[in-house]
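S.K.: One structure follows; several queries about it will come next.
The values are calculated or read from the model by the stated rules, or taken from the named source; none is laboratory data. Model, not experiment: these values are computed from the prediction. Positions of Cβ are backbone-derived with ideal geometry, glycine not excepted, and every protein chain shown enters the neighbour counts.
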Amino acid sequence: MILVMEMALPAEYFNALAWIWIAIGVLVFPLTLLFTAPFGRHFSSRFGPTIGNRLGWIIMESPAIWWFTIVFVSGVSSQNYLPWILWAMWMVHYLNRGLIFPMRTRTTGKRIPWLIVGFALGFQLVNGYLNGTAIGEFGTQYTVDCLMHSNFWIGLAVFLLGWLINLHSDEILLKLRKPDETGYLIPKGGFYAWVSCPNFLGEMILWSGWAILCWNLAALSFAIWTIANLVPRALAHHRWYRQHFVDYPANRKAVFPGLL
Ligand SMILES: NC(=O)c1ccc[n+]([C@@H]2O[C@H](COP(=O)([O-])OP(=O)(O)OC[C@H]3O[C@@H](n4cnc5c(N)ncnc54)[C@H](OP(=O)(O)O)[C@@H]3O)[C@@H](O)[C@H]2O)c1
């Protein structure tokens, strides 16, 4: 027998929490424009104790696997099969992001501040709770009837498009370095023809698709947080490329082809 624990707040409190989380996500946007999180190429030792990059990444992303699943299975809607399709979509992405991707990064000797790991971990705990509850507990609308609604199919198509762009673009980056290298090269191919950070573009499309597909406040909050995080970070990466490579392609935008 599988023991499940009641974890969900009453619906009205849950919705209030989701709205508060959306409001915080909107406020995060100007902050991330002003302050670039100090990891990867923007690493700085001024932000206190650090941990190895790979382990830090696994620690901060892993709640999206275990915590999301605990919350999901403890909800009553997880007894239906359609929410499990949503769970599987989430899991396919996060098994890569939380375990496979960090194991594949060529990051020997690089560090990440505990401060960043702590913030990201906190984010994943709240985000995993909101999204796991929204489909595992309050996901009674996810039945075969969903399949008749255009938002399900449009959201699924957008999600898959974003996922493919993200995966393909990350793949190009992961193969740029030789095994023990940690420097930077100009990425080429795929969506890099148009933008400096197509992996971030793909991530934003992916979670926008999730929001259209799931059509709930938790999924909307995740799309907003992703955009609030990744548009400013793409602008910072783009500036960095321009400062460090004199031959950087002049027509390449930061994240939205032809626009920004
Ligand atoms: N949903 C969200 O809010 C969210 C937030 C953050 C990240 N993510 C996703 O997580 C993934 C990784 O994020 P990230 O910030 O680490 O992305 P990133 O800065 O593009 O780096 C990805 C990996 O490629 C390496 N790399 C990047 N540019 C390179 C270059 N020009 N030459 C050689 N190697 C290069 C990086 O090494 P270094 O680490 O040494 O720079 C890192 O290992 C992305 O797909 C992103 O969309 C999602």
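S.K.: For segment 75-101, name all the residues that are within 10 Å of I58 (Cα to Cα) and touching a residue at least 60 places away in the same chain (Cβ under 8 Å).
M.R.: F101
S.K.: In this structure, is I154 assigned to a helix (DSSP H, G or I), among the hydrophobic types (A, V, I, L, M, F, W, C) and over 30 Å from W21 (Cβ atoms)? Full working, then the answer.
M.R.: Values: assigned to a helix (DSSP H, G or I): yes; among the hydrophobic types (A, V, I, L, M, F, W, C): yes; over 30 Å from W21 (Cβ atoms): no.
For I154, the condition - assigned to a helix (DSSP H, G or I), among the hydrophobic types (A, V, I, L, M, F, W, C) and over 30 Å from W21 (Cβ atoms) - is not met.
S.K.: Still on this model: Take A250 and decide whether it is away from the ligand (no atom under 13 Å from the Cβ), within 16 Å of the chain's Cα centre (by Cα) and over 19 Å from N166 (Cβ atoms).
M.R.: In short, no.
S.K.: From the list I116, I186, I154, I172, which one is in the same structural domain as R252 (by TED's automatic domain parsing) and in contact (Cβ under 8 Å) with a residue 60 or more places away in the chain?
M.R.: Values: I116 fails: in the same structural domain as R252 (by TED's automatic domain parsing); I154 fails: in contact (Cβ under 8 Å) with a residue 60 or more places away in the chain; I172 fails: in contact (Cβ under 8 Å) with a residue 60 or more places away in the chain.
Going through I116, I186, I154, I172 in turn, the sole match is I186.
S.K.: Regarding A223, is this residue touching a residue at least 60 places away in the same chain (Cβ under 8 Å) and among the small types (G, A, S)?
M.R.: Details: touching a residue at least 60 places away in the same chain (Cβ under 8 Å): no; among the small types (G, A, S): yes.
Answer is no for this residue.
S.K.: Please specify each residue of segment 32-59 satisfying the condition of being within 18 Å of the chain's Cα centre (by Cα), hydrophobic (A, V, I, L, M, F, W, C) and within 12 Å of the ligand (Cβ to nearest atom).
M.R.: Scanning segment 32-59 gives A37, F39, W57.
Here's the yes/no breakdown for (1) more than 12 Å from the ligand (Cβ to nearest atom); (2) in contact with a helix residue (DSSP H, G or I) (Cβ under 9 Å, 6 or more places away or on another chain); (3) at negative phi:
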{"site": "T140", "(1), (2), (3)": "yes, yes, yes"}
{"site": "N151", "(1), (2), (3)": "yes, yes, yes"}
{"site": "L161", "(1), (2), (3)": "yes, yes, yes"}
{"site": "L173", "(1), (2), (3)": "no, yes, yes"}
{"site": "T182", "(1), (2), (3)": "no, no, yes"}
{"site": "G190", "(1), (2), (3)": "yes, yes, no"}
{"site": "W210", "(1), (2), (3)": "no, yes, yes"}
{"site": "L213", "(1), (2), (3)": "yes, yes, yes"}
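S.K.: When you go through A120, A134 one by one, which is the residue that is touching a Cys at 6+ places or on another chain (Cβ under 9 Å), among the hydrophobic types (A, V, I, L, M, F, W, C) and modelled with pLDDT of 95 or more?
M.R.: Details: A120 fails: touching a Cys at 6+ places or on another chain (Cβ under 9 Å).
The match here is A134.
S.K.: Evaluate the following for L27: is it among the hydrophobic types (A, V, I, L, M, F, W, C) and either over 20 Å from the mean Cα position of the chain (by Cα) or closer than 30 Å to Q141 by Cβ (or both)?
M.R.: Details: among the hydrophobic types (A, V, I, L, M, F, W, C): yes; either over 20 Å from the mean Cα position of the chain (by Cα) or closer than 30 Å to Q141 by Cβ (or both): yes.
Considered against the rule, which asks whether it is among the hydrophobic types (A, V, I, L, M, F, W, C) and either over 20 Å from the mean Cα position of the chain (by Cα) or closer than 30 Å to Q141 by Cβ (or both), L27 comes out as yes.
S.K.: In addition: Quick check, is R233 more than 30 Å from N127 (Cα to Cα) and in a helix (DSSP H, G or I)? So that I can check it myself, show each step before the final result.
M.R.: Working: more than 30 Å from N127 (Cα to Cα): no; in a helix (DSSP H, G or I): yes.
Answer is no for this residue.
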